[in-house]
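Heads up: the structure comes next, in structure tokens.
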Amino acid sequence: MNEELKEALVEKIRHLDKMRSNLSYSVREVQGWWDATSPFANWSDRQLESLVAFKSRFAELQDHLASAMRLIANIENEDSRMFTYVLNYMEQLEVLDDVRQWQKVRDLRNAATHDYSESDEIKSEHFESLLQSTPYLLGIFENLKSFALTHYLGSDK
């Protein structure tokens with residue numbers, strides 16, 4: 001087993017753990033005042049800034065989880081040329097329970113970084129979907145971390 005890749009995975013999981021903590025903080029901040037029926041114009045600059053941080057942290061965690069999945073596939077000498085191969089392998093390892101669900105969350109992530117909608121209704125639906133998908137994303141991190149601890153790192157990391 002490639003020790004260099006294992007060390008990269010250790011570092012990636014440490015980084016992901018910090019991202020998980022940051023996302024959890026942002027979710028708590030937003031959930032404290034979030035109301036999907038409230039117009040965005042009614043929210044303070046601080047609230048709008050919290051939404052931006054939440055959206056960014058969601059996307060960042062999702063991106064880095066994907067990177068960690070590819071890293072595990074590489075450690076295992078699996079074909080990682082196409083990310084669908086990696087996702088299918090993660091499903092076999094039970095890091096993911098359903099590739100389609102991951103892809104739906106990926107679509108949310110993509111919309112989060114490219115959505116310039118001015119409609120409050122569309123923006124509210126999007127943020128509501130992000131909030132509803134956060135437990136799933138955090139669960140994937142826990143699955144990935146548990147797999148790595150069990151198979152590569154031991155319980156001392």
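The values are calculated or read from the model by the stated rules, or taken from the named source; none is laboratory data. Values in this document were obtained by computation on a predicted structure and should not be read as measured data. Glycine gets a Cβ as well: all are built from the backbone with ideal geometry, and neighbour counts include every protein chain shown. All accessible areas refer to the heavy atoms of the entire protein, side chains included, with ligands and DNA or RNA removed. Shrake-Rupley method; radii C 1.70, N 1.55, O 1.52, S 1.80 Å.
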> Of all residues in segment 107-128 being surrounded by fewer than 17 Cβ atoms within 10 Å (Cβ to Cβ) and either hydroxyl-bearing (Ser, Thr, Tyr) or under 16 Å from residue 83 (Cα atoms) (or both), which is modelled with the highest pLDDT?
Replying inline: 107
> So how many residues does segment 135-157 have that are open to solvent by 30 Å² or more (accessible area, probe 1.4 Å), in contact with a helix residue (DSSP H, G or I) (Cβ under 8 Å, 6 or more places away or on another chain) and modelled with pLDDT of 95 or more?
Replying inline: 3
>> Here are the criteria: (1) part of a loop (DSSP other than H, G, I, E, B); (2) surrounded by 12 or more Cβ atoms within 10 Å (Cβ to Cβ). Tell me which single one residue 81 does not satisfy.
In response: (2)
> In segment 1-32, how many are open to solvent by less than 80 Å² (accessible area, probe 1.4 Å) and not in a helix (DSSP H, G or I)?
Replying inline: 2
> If we keep just the residues of segment 33-44 that are under 23 Å from the mean Cα position of the chain (by Cα) and touching a residue at least 60 places away in the same chain (Cβ under 8 Å), which is surrounded by the fewest Cβ atoms within 10 Å (Cβ to Cβ)?
Replying inline: 36
> Do any residues in segment 131-150 that are under 28 Å from residue 32 (Cβ atoms) and free of Cβ contacts under 8 Å to residues at least 12 places away in the same chain have Cβ atoms under 6 Å from those of residues that are among the charged types (D, E, K, R) and open to solvent by less than 40 Å² (accessible area, probe 1.4 Å), where the two are at least six apart or on different chains, and which pairs are they?
Replying inline: none
> Which residue, of 60, 94, 76, 3, is among the charged types (D, E, K, R), without any contact (Cβ under 8 Å) to a residue 12 or more places away in the chain and either out of contact with any Asp or Glu (no Cβ under 7 Å at 6 or more places or on another chain) or farther than 21 Å from residue 119 by Cα (or both)?
Replying inline: 3
> Does residue 80 meet the test of being modelled with pLDDT under 90, over 19 Å from the mean Cα position of the chain (by Cα) and not β-branched (Val, Ile, Thr)?
Replying inline: no
> Which residues, counting only those in segment 84-98, are among the charged types (D, E, K, R) and either under 23 Å from residue 56 (Cα atoms) or in a helix (DSSP H, G or I) (or both)?
Replying inline: 91
> Quick one: in segment 33-44, which of the residues that are part of a loop (DSSP other than H, G, I, E, B) and among the small types (Gly, Ala, Ser) is farthest from residue 140 (Cα to Cα)?
Replying inline: 44
> Which one is modelled with the lowest pLDDT among residues in segment 1-37 that are within 16 Å of residue 152 (Cβ to Cβ) and β-branched (Val, Ile, Thr)?
Replying inline: 10
> Can you tell me which of 101, 132 is more than 23 Å from residue 86 (Cβ to Cβ), assigned to a helix (DSSP H, G or I) and open to solvent by 40 Å² or more (accessible area, probe 1.4 Å)?
Replying inline: 132
>> Could you go through segment 45-52 and let me know if any residue there is in a loop (DSSP other than H, G, I, E, B) and exposed (fewer than 11 other Cβ atoms within 10 Å of the Cβ).
In response: no
